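Reviewing the structure listed below.
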Amino acid sequence: MTAGGIPRVLLAVGTDIHPFERLVQWMDRFATAHPDVEVFMQFGTAAPPSSGAGAALVSHSELLDMIVGADVVVTHGGPSTVMDVRSSGRVPIVVARDPALGEHVDLHQQRFAAYLAEQGMARLASTEEGLSELIRAGLADPAGSRLDPGVDTVAAGVRAFADHMDRVLGIAVRS
């Protein structure tokens, strides 16, 4: 929360050349409906939001600071961004890009996001209503969006992703 006690929500869509208009619009509508919440959107190549603060790009160090300062973090299904959120001690809400909507070139984000959700490593939203519900739940219980300090967030997440990609690519999984 901010010094004034205002809840913070961060959206990070990464740097892909494909705009993620759908997610930015969902978050824009959330920001409009919740003026009592500070929403910052890193919107990439999508159109800028009309509500809430935002920037097309932020530096990696600034993004990490924003993640740590947020009560709830929403991200696309990019493995690097998701792991940055987890390594910062947060459980991300993930909305995977859909290649059928021109948001990416393949299904890897959808597969990765589904795997993370199955493993309890992220919360997955596939509809605007579902995203809003997850954000509201996270704001109602900010501690529920934080990882246990004893969790090995980097190594465990990286190992899980590497093992998953090995299975997807048909490579023998490490023991």
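In nm, to one decimal, how far is the modelled label at Val168 from the one at Leu107, with both set 7 Å along Cα→Cβ?
1.1
Return the long-range amide H neighbours of Arg90 (sequence gap of 5 or more, or a different chain), with a cut-off of under 5 Å between placed amide H atoms.
Leu147
State the label only: which of (1) 10.7; (2) 10.2; (3) 14.5 corresponds to mean projected area of the Cα convex hull in nm² computed from the shown model?
Computing mean projected area of the Cα convex hull in nm² and matching it to (1) 10.7; (2) 10.2; (3) 14.5 gives (2).
Using a 10 angstrom cutoff on alpha carbons, build the Gaussian network for the chain and name the most mobile of Leu131, Leu101, Leu23.
Judging by the Gaussian network model, the answer is Leu101.
Measuring from centroid to centroid over Cα atoms, what is the spacing of the stretch 12-73 and the stretch 102-127 in Å?
Between the Cα centres of the stretch 12-73 and the stretch 102-127 lies a distance of 18 Å.
Calculated from DSSP H runs of 4 or more alone, at -39500 (n - 2.57) each and per residue, what is the 222 nm mean residue ellipticity of the chain, nearest 500?
Mean residue ellipticity, 222 nm, calculated: -13000 deg cm²/dmol.
Starting from the Cα of Ala47, step 7 Å toward the Cβ, then list every residue of the stretch 2-41 with an amide N under 19 Å from that point.
Inside the label zone: 13, 17-33, 41.
Mind telling me which of Gly77, Gly120, Gly69 comes out most flexible in a GNM of the chain, alpha-carbon contacts under 10 Å?
The residue with the greatest mean-square fluctuation here is Gly120.
Could you check the spin-label model distance between Asp98 and Ala140? Points 7 Å from the Cα along Cα→Cβ, value in nm.
Here the answer is 2.6 nm between the modelled labels.
Just to check I understand the Karplus step: with θ = phi - 60° and J = 6.51 cos²θ - 1.76 cosθ + 1.60, what whole-Hz values come out for the stretch 97-110, glycine and proline as x?
5, 10, x, 5, 9, x, 8, 6, 9, 8, 8, 4, 5, 5
Taking the Cα centre of the chain as the origin, how large is its charge dipole in debye, to the nearest 20, when only Lys and Arg (+1) and Asp and Glu (-1) carry charge on their Cβ atoms?
For this selection, approximately 280 debye.
Can you pull the one-decimal nm distance between simple spin-label points at Ala33 and Asp148, each 7 Å off the Cα toward Cβ?
Between Ala33 and Asp148, the label points sit 3.3 nm apart.
Just need the relative contact order of the chain here, percent rounded to a whole number, with Cα pairs under 8 Å and 6+ apart.
Relative contact order of the chain: 19 percent.
Given H placed on each backbone N at 1.01 Å, which residues far from Leu124 in sequence or on other chains put an amide H within less than 5 Å of it?
Here the answer is Val94, since their amide H atoms fall under 5 Å of that of Leu124.
Quick one: among Ile93, Ile67, Ile17, which has the greatest mean-square fluctuation in a GNM of the chain with alpha-carbon springs under 10 angstrom?
Ranking Ile93, Ile67, Ile17 by mean-square fluctuation puts Ile17 first.
Can you list residues whose amide H is under 5 Å from Val39's amide H, if they're 5+ apart or on another chain and H is modeled 1.01 Å from N?
Here the answer is Val9, Ala53, since their amide H atoms fall under 5 Å of that of Val39.
Each reported figure results from applying straightforward, stated rules to the coordinates on display, with no laboratory input. Because the structure is predicted, anything quoted here is derived from the model rather than measured. Heads up, the Cβs are rebuilt from the backbone with ideal geometry, glycines too, and the neighbour counts pull from every protein chain shown.
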